[in-house]
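The structure appears right after this line, and notes come after that.
The values are calculated or read from the model by the stated rules, or taken from the named source; none is laboratory data. Quick caveat, the model's predicted, so the values are computed rather than measured. Neighbour counts are summed over all protein chains in view; Cβ atoms, including those assigned to glycine, are modelled from backbone coordinates with ideal geometry. Side chains included, ligands, DNA and RNA excluded: accessible areas come from the protein's heavy atoms. Shrake-Rupley method; radii C 1.70, N 1.55, O 1.52, S 1.80 Å.
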Amino acid sequence: MAGGLLNVSWVLRLLCVLQMVETVSGARAPSSGSHISSQFPASGVSQTSVVDCREVCGLNASDRCAFVRTNPDCRSDGGYLDYLEGIFCHFPARLLPLAITLYAFWLVYLFLILGVTAAKFFCPNLSAISTTLKLSHNVAGVTFLAFGNGAPDIFSALVAFSDPRTAGLAFGALFGAGVLVTTVVAGGIAILRPFTAASRPFLRDIIFYMAAVLLIFTALYRGRVTLAWALGYLGFYIFYVVTVVLCTWIYQWQRRRSLVCSMPATPEILSDSEEERVSSNTNSYDYGEEYRPLLLYPETTAQILVQALNPLDYRKWRTKPVYWRVLKVFKLPVEFLLLLTVPVMDPDKEDRNWKRPLNCLHLVISPLFVTLTLQSGAWAFRRRCQVEAVERTSSPSHPSADGVYEIGGLFPVWAVVMIAGTALAAVTFFATSNSEPPRFHWLFAFLGFLTSALWINAAATEVVNILRSLGVVFRLSNTVLGLTLLAWGNSIGDVFSDFTLARQGYPRMAFSACFGGIIFNVLVGVGLGCLLQISRAHMEVKLEPDGLLVWILAGTLGLSLVCSLVLVPLQCFQLSRVYGCCLLLLYLTFLVVALLTEFGVIHLKTV
């Protein structure tokens, strides 16, 4: 048990170090108020000039490419594509709408990649890890599964906090998602299926969430986050986990006592989860039995590999509507690459998703993918260090001219990893069989967890970079981009899943998920993001919020929580459609006020 927990902590620590290295920025940005109003000559901009990158749209079309290439505030070394250079250097000025349209479609596809990776690869491996470590459902729900459900929000926050220029994007996304979930999602659930909320879990979660928002609000007011505050955010979430576990244990202990004291003929009252499990078992039918052959014959290794790499279920394809088929066509390339690079262990299946040829192939491809991803981030970090004239010549392995790390300057690291992975795959292939998974199959869950986390990390980095580029083009602040596009994109999965649960007759379960997951996102997103920034820069994190907009965002989130804390108990925890409509009206009012503030209609008067 302890060894398994140590492995999980090591993987998480490695992932955090990766995030710190990969998303490091090439230059520090000036404060939001530092602008240079003079016009730039046609010959270009001096490389020593540091100007707000949003000033590029005020220049002549012929000067914009030189501006984004020479201004440090426009550089983005954390991702794989330079979106600003693509807009202003590779597209003519008259085709700017076309470039924005292509970027918008690419942004939607990135959100699709985030959703597919988290739902089909990241979360199942986290569930397998919690099952392997024999964690209870409550502990797994507020730790591993909360991390899986909030993976897009967490990784987007880590990427945004790694660069001072995009810290406002992190606050906007986390607070914006909080406002969206506590108003639109919670209100929509009440409108779809009015219900009676569980009193104790509701009060516990909303009080903890209010305390978390108050801590973040205090950090914004102070304008900085120190090491003690960053550790305090993480410690407060650990306290929340301990509280959930203790409350669950006390409730179960009281229930056991009441069952013992009750009459033997009294039927046992099932919980929501048990009722759901019983109903699903009694009402479900395995239609796959009709398609199974009467005479079973063993599949060959080639057939197993082809079937395992096929992301399309033809039986499901024939029964699904047209819109599902169109969406599936866009998902197929991503799902194929994920199946090829990310192993998935499913403890609920009889064979635990053991596919011998594919799993042996994963032993070669997955470590190679991890190595190349780590090297790309490490190479970006070294380029930054060379710019700052901080050379580390004592390292035993150093990068070559093309950014590939070599051992002793002779042999590339990726080749060593590929040879070792091939040898391990050969041993595994000849020492195992197709029908029975080996003893060490649980290790594939950790490999799949790390690989899928790197996929999410790469997609989240591109999302943050493209949102910042759109903010430069439209001269929008990072905060308004975070509370709209980033918050909507990261929360769209929660919206559909919670609404589906409510329509299926489980509104209490969906309503509880609204508050439980965002506590993790806020505390761990801000705490871990600031902790990585502090460990990189060896100094406290300076917060420069985008003026009045951040305070409106935090105030609206606090107001929605206070309203729910007061109104729900006054209604005896009965959530009606009127309550849901009030929450939707609150979100629409907040959105209008935020946009009016962004465009200067609402502003503070200076004395």
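Show me 567-580, 427-440 ranked by packing, highest mean number of other Cβ atoms within 10 Å first.
Per-residue Cβ counts within 10 Å, averaged per peptide and sorted highest first, yield 567-580, 427-440.
Where does each of 80-87, 301-308 land if you order them by average Cβ count within 10 Å, highest first?
With the highest mean Cβ count within 10 Å placed first, the list reads 80-87, 301-308.
Suppose R0 equals 25 Å; then what is the FRET efficiency for residue 536 and residue 415 from their Cβ-Cβ distance, rounded to the nearest 0.05?
The formula returns an efficiency of 0.25 here.
So how do 558-564, 236-242 stack up, highest first, on mean other-Cβ count within 10 Å?
Answer by packing, highest mean first, reads 558-564, 236-242.
What figure, in Å² to the nearest 10, do you get for the accessible area of residue 349 with a 1.4 Å probe and non-protein molecules left out?
100 Å²
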